[in-house]
Every structure is written in structure tokens, then in C-alpha cells.
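For reference, the structure discussed in these notes is given below.
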Amino acid sequence: MNYRHSSGVWLMAIPVAAIFAFAGEAAAETVAALSEACKGRLDIGVAVSALPGNYQQEELALLRRHFNTVTPENDMKLLHIQPREGSFNFEKTDAFVAFAEANHLKIVGHNLFWMRDDETPAWFFKDGDKTASREQVLKRMREHARAVAGRYRGKIACWDVANEALSDGDEFLRPSKWQSLIGDDGVEQAFRFAHEANPEARLVYNDYSIESPKKRAKLLCLLREFKDRGVPIHVVGIQGHWELDCVPFDDIEETIKAVGKLGVKVAITELDLGVVRRDRWWADGGKHQAELRKLDPYAGGCPSDVLRRQAEQYGRLFQILLKHTDTVERVTFWGLHDGRSWLNDWPWKRTDYGLIFDRRLQPKPAFFDIVAVMKANALK
Ligand code: GLA
């Protein structure tokens, strides 16, 4: 099982009584609506799965009150929507789109092509028992774009077209079948096919750590090349799965400025600020993983000083984003509240608190600090 896709198990993490003790809509209405506080400056989005059926009424009320944009967390990914060639699962995504439309929420399609092998169905790279040719893979990409981006043309106006294609290592592109079977122009082809399928859509390149100098250099190179070659791209998505006390504020600001100079917009597409550090998971060839699997320091609750630091860091981030609203157009949080976050399951099971609403749907200190930043910098 790919536990990156397992946010549906959240219910097991909280006592049954708590599920029915959610704050009601009336209580939620006593606080400012986040998307209202950000109006005219930033769109405020949230990633949700299997909308609306997977959510309680109170959660839907919270969503409608604070967010104006939604991203399907998993249901539109190639693995889910076309698990076998030519066989599409549109049931969940049609319901998602209908709910968003009925509630006047903008939709970000996520994502057309996640360019890593562990996130791509095996059939995509096969020709019977053999490996598929470049032509065959390109044909499949084109057909996938037509089937999915084409189906929602006029409904989904913004697409994460290529996800995580750049390498963390010394290579330019992530080593993968995407690269080895297509060659170096796979990302370009993805954008061309997306544009062909939905010519009005804003097209996003989405990745993690692209704010870091090493990966940023590759990103800028990709953007310059796209410009030279007339490849349609409108937005860079900085995913923003950061960790408490390690938010790379300066790198984020540098990246926004550099991307803006190239005439491309920026969105923070998958924001959370986890409080249980996970960087050691990948360190030293993974030798700490057995020990980390037992680590769940805040199972009984998150200490108030941790929530305060988180609030300050969220506030500082929004201050930076506000300075650059000529370039930054949207912030999307990766989950509606702490009980709905992938951070509770990945890369190991724990109780994390990365979002701005808690498990009882109450706004956290981070929410209030963000609203305070927005108010202090209100449009005149
Ligand atoms: C990546 C993907 C998202 C999501 C997150 C967390 O960032 O772009 O769709 O899967 O990982 O799981």
C-alpha cells in the first residue's frame, strides 16, 4: 500500500466521541474567514479527498467558510484515475467538481503527471511484456491529458501539470522511466499536451525543495528554456511541506523573486508545517527508521509553546508572501485540519499538528497569527 495516499485512516486516530464534538458552524462564524481576510491578495486553498462524501457536515462548513479553492488530494492522480489503460475512475472526481462548482470554489487539478516511477502505474511504461517506446509513452500522456484535463475543460482552470520531475541529486531530471523512456523533453511534452487539452487553463510546474538554491537553479533553467521554446507555463508551485524551526524563509523569498522576474507566478501548493521532525528519516541511509517508527512525542496533545512557535513561523511566512503578491497568487494547505493530514501517516504513523485548524476544527494560534498579518497589511 502506498501510505502517501492513506489520509482516509484519520478517523482511527481520534476518539469516537470527539468526532461528534466538532465545533459547529455557528461557533466557527465567530472568527474571521481566512479567504475573506486574504481577499484581493491571495487565494486560499485546501487539499481534500473524495469530496464531499468523505467529510462530516461540520468539516464541509469549515471548508466553505475559510477556503475559496480546492485541490483533490489524491483522486485525480494517474494511479487512481486511470489504473488500467483506458479504464477511468471519474466517479469521485466528477462528484468533487460538482461540489466545488455548487459552492463557488475554484479547482486546482492535481496532478496530470507525477513524474516518478513509484507514483505511476506499471502499464504506462509497458508494451505487453516489453518496455514501451518513447512514442507509446508520449501517446499515452497525450491521451491521458485529453481524457482528464479535457473532460474538465471549463470547470478546472488551473492544473498541476508536472509534479516532482526535477532531481534532488546531481542530474537535472529525476532518474526515472519518465526520463529514460521519453528523454529530456518529457516535462515540455506534458505542458504541451495539457495546453492542447485545455487551452484556457493556468498550467503549474509543482515540486518540493525548489526553493533550495540547488534545485532552484534547475527550476530557473527549466523556465528559461520553456520561455525560449514557447512552452506554455503560468505558475510555479512550491509545495511547502516544511518543518517547524526549519522553514527556509530566505530561500522562499529568493525563489519568489527569481521566478517573478521571469514573468511566471508562484503558488504555495501543499502547505503544512509539521511539528514532529522527519528529516532524520532519510539521513544516514535510513538507519534511524526503526527508532523513528516508535516516535510519537505529542500523542497526548501539542504543547502550547510548540503551537506558539508554529504560529510565529506561519505568520512570518505570510508576511513574506504578502510582500510579493505581484507574483504569489495562492496558498493551498495540504489538508483541512490536523486530523486530516498525511503527516499523521507518512513517513511513519504519529500524531502531527502541521495545519491551522485542530482536530476539533478549532482555529489554532497559527490561524490567528496569519489573520493578524493580513489585517496589519490590509489593502487601503
Ligand atoms: C506530494 C504530492 C502530493 C501528496 C504529497 C503528500 O507532495 O504532490 O500529491 O501526495 O506528496 O503525500
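The values are calculated or read from the model by the stated rules, or taken from the named source; none is laboratory data. In this text the structure is predicted, and so the values were computed from the model without any measurement. When we count neighbours, we look across all protein chains shown, and the Cβ atoms used for this are built from the backbone with ideal geometry, even at glycine. For the accessible areas, the whole protein counts, side chains as well, though only heavy atoms, and no ligand, DNA or RNA atoms are used. Shrake-Rupley method; radii C 1.70, N 1.55, O 1.52, S 1.80 Å.
General observations
- Contact map, region 69-80: residues that are over 10 Å from residue 48 (Cα atoms) paired with residues that are near the ligand (Cβ under 8 Å from one of its atoms) and polar (S, T, N, Q), Cβ distance under 6 Å, separation 6+ or inter-chain. Pairs shown: 80/74.
- Qualifying residue in region 235-246 (condition: within 16 Å of the chain's Cα centre (by Cα) and of a type in the set (D, E, K, R)): yes
- Elements of the type strands (runs of 3 or more DSSP E) sitting completely within region 222-326 and holding at least 3 residues that are touching a residue at least 40 places away in the same chain (Cβ under 8 Å) and within 16 Å of the ligand (Cβ to nearest atom): these cover 265-274.
- Residue match in region 345-358 (condition: open to solvent by 30 Å² or more (accessible area, probe 1.4 Å) and either out of contact with any helix residue (DSSP H, G or I) (no Cβ under 9 Å at 6 or more places or on another chain) or among the hydroxyl-bearing types (Ser, Thr, Tyr) (or both)): no
- Selection within region 77-93: residues that are outside any loop (DSSP other than H, G, I, E, B) and more than 16 Å from the ligand (Cβ to nearest atom). The member of this set that is farthest from residue 120 (Cα to Cα) is 91.
- Failed item in (1) surrounded by fewer than 18 Cβ atoms within 10 Å (Cβ to Cβ); (2) at pLDDT below 95, with residue 56 passing the rest: (2)
- Checking each residue in region 211-229 for being open to solvent by 30 Å² or more (accessible area, probe 1.4 Å) and touching a Ser or Thr at 6+ places or on another chain (Cβ under 8 Å) picks out only 216.
- Some residue of region 235-257 being farther than 23 Å from residue 313 by Cα and at pLDDT 95 or above: yes
- Taken over region 230-239, residues that are out of contact with any helix residue (DSSP H, G or I) (no Cβ under 8 Å at 6 or more places or on another chain), surrounded by fewer than 22 Cβ atoms within 10 Å (Cβ to Cβ) and closer than 22 Å to residue 329 by Cα amount to 1.
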